[in-house]
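The structure appears below as structure tokens.
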Amino acid sequence: MPYASLNPTSGRLIQTHDSLDDRHLNLALENARSSQQSWGQASIGARAEVLHKAALNLLARQETLARIITREMGKPLREARAEIEKCAGVCDYYAQHAEDFLRSEPVVSDAGKSYIAYLPLGVVLAIMPWNFPFWQVFRAVAPVLMSGNALLLKHAPNVPECALAIGDIFRASGLPEGIFTNLMIEVEQTAAVIASPAVHAVTLTGSEAAGRKVAACAGQHLKKCVLELGGSDPFIVLHDADMEHTVNMAIASRFLNCGQSCIAAKRFIVVPQIADEFLARFRSKVEALKTGDPMEDTTQIGPMARADLREELDRQVCDSISQGAVAVTGCKPIAGPGFFYQPSILDHVTCHTRAFNEELFGPVAAIIRASSEEHALLVANESRFGLGASIWSADTRRAESLAVQMQAGCTFINGMVKSDARLPFGGVKASGYGRELSKQGMHEFVNVKTVWIK
């Protein structure tokens, strides 16, 4: 079945690409394995030169690449430009810091000399999603390549043009052939790739269901894997929060990328003293959001990426309303061409509604009314997800005491949850395991080797 690229703004086909047959797939796997041997022996400086060039090429082609993103998955163009800039930043970050991250560490032991070495692991399969079609790839590929590994990319089937453009960037930056390879393959072929002796590890960003399948397959073949899965991030608003700033950040946290982000705020947990005021201000700003053509710089909400995603979101919203949630604004698809959905708010969401228990991957905010700060923390943790969380309060000491009790991979106080190359990123519980970014992310895919000399 060919990879199909559709414009979600119009619903029209852009391009199709044939999937790899098994023979060409096996050739790609062997090429990656043989190419990695020499890349792994290259100096860190030589690898860094390629990453620095990639950063420059990303910035030089920023507008063209941003338009590919917007055309293929519907992200507003101004957000797509920011995504390309962030990719350039992560390339420069690892090019600059890899030598420190990979430096051998001496350890005092009973040996005359002993140390920990960080060496290439081999070939890493990256299974990446469509919602940040450049950033998700680059935050995986930059540390993997700087570690001396090769990377195979199985990108989401609806963003093949983005995948090809990323390959073009690396070719133009002097990366040796075979070190980065696009695999346009069927889902059914993925298990065979994981099982292949040419592949040494897997990293996946995607749904909980996909994570379970990949983890099971990787475990069967004793392959290391890192999983960054879904999230239903709590956004806790305490009574002393700066309301104007908090509401503005609530809008950004929920509606960036049309709400299609694993670390978007999804459950807005408010204490009684400010619940009505927060909702009134929040509603006013949600209803002022401009929905339209994502190629226009004034557009704030573009289409959802696919028709099936919009249909599933609407089912979740309708079921939540039937289960007791209240539709405050929006809560319906927008008629006409493209896959647009109204920016929406559900109030009085409880643990008995789908909006509480499932990830709403679109422009819908769920308001949950807590009875106290302690109840807010309990509600926040009453989720199988544990990716990110945020707390909003003027009393940062009190907020920090709550933050350390949050069951999440990261907690932000008075700031929007985001990924940052300088900080490790990942989740707990059903949001996955392992870490990306920072030194910890680089060390996920190296051979942490003990050397002992008498």
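Readers should treat all values here as calculations from the given coordinates under stated rules, not as data from a laboratory. Everything numeric here is computed off the predicted structure, so don't read it as measured data. Here the Cβ is made from the backbone with ideal geometry for all residues, glycine too, and neighbour counts use every protein chain on show.
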L183 long-range amide H proximity, modeled H, under 5 Å: L153, K154, H155
J(HN,Hα) series, the range 404-418, from Karplus relation 6.51 cos²θ - 1.76 cosθ + 1.60, nearest Hz, glycine and proline x: 5, 8, 6, 8, 8, x, 8, 9, 9, 10, 6, x, 6, 4, 8
Burial order of peptide ranges 324-334, 71-81 (average beta-carbon count within 10 Å, highest first): 71-81, 324-334
Cα gyration tensor category, rounded, prolate or oblate, for the range 282-338 with a/c compared to 1.5: oblate
Amide proton proximity set for Q15, modelled H, under 5 Å, gap of 5+: S5
Helix axis angle, 275-288 relative to the chain longest principal axis, alpha carbon, degrees: 70
Crossing angle, helix 62-73 versus the chain [Cα axis fit, 0-90 degrees, rounded to tens]: 60
Length gained when the stretch A394-A335 is fully extended (0.36 nm per residue, less Cα-Cα span): 17.0 nm
20 Å cut-off, amide nitrogen to a point 7 angstrom out along S109 Cα→Cβ, residues in the range 417-454: 443-444, 446-454
Taking all pairs of distinct alpha-carbon atoms in the range 233-413, Kirkwood radius in angstrom: 16.3
Pairwise centroid distance, computed over Cα atoms, of the range 1-77 with the range 112-177, Å: 9
Among A305, S390, V50 - extreme Cα towards positive end, dipole of the chain, charges at beta-carbon: V50
Mean-position separation - Cα centroids, the range 221-251 and the range 349-403, in angstrom: 9
3J(HN,Hα) from dihedral phi, the range 164-181, Karplus parametrisation 6.51/-1.76/1.60, rounded to Hz, x for glycine, proline: 5, 5, 5, x, 4, 4, 5, 4, 5, 8, x, 5, x, 4, x, 7, 10, 9
Backbone HN-Hα couplings from phi across the range 258-269 [Karplus 6.51/-1.76/1.60, Hz, Gly and Pro as x]: 6, x, 9, 8, 5, 9, 5, 5, 10, 10, 9, 9
Estimated distance in nm for a label pair at H245 and Q41, the labels positioned 7 Å out from Cα along Cα-to-Cβ: 5.5
Size of electric dipole in the chain: Cβ of Lys, Arg +1 and of Asp, Glu -1, about Cα centre, debye, nearest 20: 640
Other-chain or far-sequence residues with amide H under 5 Å of T203's (modelled H): L125, A126, I127, V226
Cα-derived Rg to Rh of the chain, Kirkwood definition: 0.98
Among 132-138, 44-50, 18-24, the order from most to least packed when residues are scored by Cβ within 10 Å on average: 132-138, 44-50, 18-24
Antiparallel content of DSSP bridges confined to the chain, in %, to 5: 35
Helix 307-322 axis, angle to the chain major axis (alpha carbon atoms, nearest 10°): 40
CD proxy at 222 nm, helix term only [per DSSP H run n ≥ 4: -39500 (n - 2.57); per residue of the chain; nearest 500]: -13500 deg cm²/dmol
Charged-residue dipole, Cβ positions (Lys, Arg, Asp, Glu), the range 233-413 about Cα centre, Debye nearest 20: 200
Chain lengthening between T64 and V428 when straightened (0.36 nm per residue, less Cα-Cα): 127.4 nm
Dipole axis of the chain (+1 Lys, Arg; -1 Asp, Glu on Cβ), positive-most option in G211, G362, L102: L102
